[in-house]
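Trainee: Handing you a structure now.
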Amino acid sequence: MRHLASLSLFAFAAALSPLAAQADGDHDQARAALVAGEILPLPAILERVARVHPGSVLEVELERRRERWIYRLKMLKADGNLLRLAVDARDGTILKRK
């Protein structure tokens, strides 16, 4: 039984390895964009957003949409409401609020 559990765990890890490789590639692309000056560092983005939308950041994603890098933020506002923002990673412009 232990052997079967170990084998299942190994199969699960092997199935995830392409996803991990893809995630590493995304991370490398994001780092290259930062080094090239295509995007602002996350602390600069969060500082700009906090001026307009104070609250606690719960989740951050950086994604590439067409030719634009976008930070997607999920925030908890002081009043307890959730706020989702799409922010242009190049200049910190808020593109969308939900």
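Trainee: Inside the range 74-88, can you point out the residues that are more than 12 Å from residue 58 (Cα to Cα) and surrounded by 13 or more Cβ atoms within 10 Å (Cβ to Cβ)?
Mentor: If the condition is that a residue be more than 12 Å from residue 58 (Cα to Cα) and surrounded by 13 or more Cβ atoms within 10 Å (Cβ to Cβ), then 86, 87, 88 are the ones that fit.
Trainee: Which of (1) part of a helix (DSSP H, G or I); (2) surrounded by 13 or more Cβ atoms within 10 Å (Cβ to Cβ) is the odd one out, the single condition residue 70 does not satisfy?
Mentor: In the conditions (1) part of a helix (DSSP H, G or I); (2) surrounded by 13 or more Cβ atoms within 10 Å (Cβ to Cβ), residue 70 misses (1) alone.
Trainee: Still on this structure: Given the criteria modelled with pLDDT under 95, of a type in the set (A, V, I, L, M) and either touching a strand residue (DSSP E or B) at 6+ places or on another chain (Cβ under 6 Å) or open to solvent by less than 50 Å² (accessible area, probe 1.4 Å) (or both), does residue 62 qualify?
Mentor: Yes.
Trainee: Here's a follow-up. Cβ-Cβ below 6 Å, separation at least six or inter-chain, first residue in the range 24-48 and in contact (Cβ under 8 Å) with a residue 60 or more places away in the chain, second exposed (fewer than 13 other Cβ atoms within 10 Å of the Cβ): which pairs?
Mentor: Listed by first residue and then by second, the contacts come to nothing, as the list is empty.
The values are calculated or read from the model by the stated rules, or taken from the named source; none is laboratory data. Bear in mind the structure is a predicted one, so any value in this text is a computation, not a measurement. Every residue, glycine as well, gets a Cβ built from its backbone with ideal geometry; the counts of neighbours run over all protein chains shown. Surface accessibility is based on the protein's heavy atoms, side chains included, excluding ligands, DNA and RNA. Shrake-Rupley method; radii C 1.70, N 1.55, O 1.52, S 1.80 Å.
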